[in-house]
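Written out below as structure tokens is the structure these notes cover.
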Amino acid sequence: MKNIIFVFLVILVISKSQAQKFDITYGINFGLNSSFMSSKISINHAYIHNDYGIRNQSTSNENQNTLGLCSGLFIKLNSLLSFSLESGISLASYKNKYSILMEYDRYNMPVWMDGPLTIISEEENLILENEFLILNIPMIIGYNFTKKVKLFGGLSAYINIKSDNFKSDIELNTDKLYKDITLGYQAGIELSNDKLYFTIKYERTFNYLESPNTSILTTYYIESEVESIYLNCITCSLGFKLFNKN
């Protein structure tokens, strides 16, 4: 996080000291986003005896997306070599509903092992509802193919303002599921004219999980853990140039 702030300050210093070498633009933007979660989940055999127990386990994910809002300030440093640097600060809300379906076969052993072995197929559907309010500080490098079309990519810092109001039917072994601060990456395309910037971008955090191997389901037959979890987002935004310096 300190490195992100340092780079942001460096860009501000460059914008003042190198005004003759860069076209510097300041502006505001507003947009909509659609977010979803992805994760890596492991299923452990909680009960095995004489090669009997849990078999054929699998997991699958399903997301229900809700639109969120975002707005912020940006600064763009456009050079004469078709490259640009961009930073800023934005506040975004994210809402999504994430379900984890776990399926497995349970080998049911009769009492005293004196009867036929039966196989019972079972499933557990765990639902997690997320609502985030996140401060985003990006550091972006762009390449201008033309005066109106730019491809860009870079890193971002994500600072949780509010994320402790998730609703879950998952039995967690921690009171805190998500990190307060994490990093991520983004890439997208920007279309612009003299005053407006229309942007479509994809964002993804690095591992957002506060504690590794967070237990989400423990029964007599099965134990499962979340190894990592990620926030993904597609954002469409419209930016407005406030003023620029040449």
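Computed from the coordinates by the stated procedures, all read-outs in this text should not be read as laboratory data. Being a predicted model, the structure only gives us computed values, none of them experimental. Using ideal geometry, Cβ is built from the backbone for each residue, glycine included, and neighbour counts are taken over all protein chains shown.
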For segment 239-244, Karplus couplings with θ = phi - 60° (6.51, -1.76, 1.60), whole Hz, Gly/Pro x:
x, 10, 6, 8, 6, 9
For PHE30 and VAL149, extending 7 Å from Cα along the Cα-Cβ vector and measuring point to point gives, in nm, a value of 2.9
Placed amide H near PHE206: partners under 5 Å, 5+ positions off or other chain:
LEU183, GLY184, TYR185
Can you list the HN-Hα couplings for segment 127-141, worked out from phi with the Karplus curve (6.51, -1.76, 1.60; θ = phi - 60°), rounded to whole Hz and with x for Gly and Pro?
10, 10, 9, 10, 9, 10, 10, 10, 8, 10, 10, x, 10, 10, 10
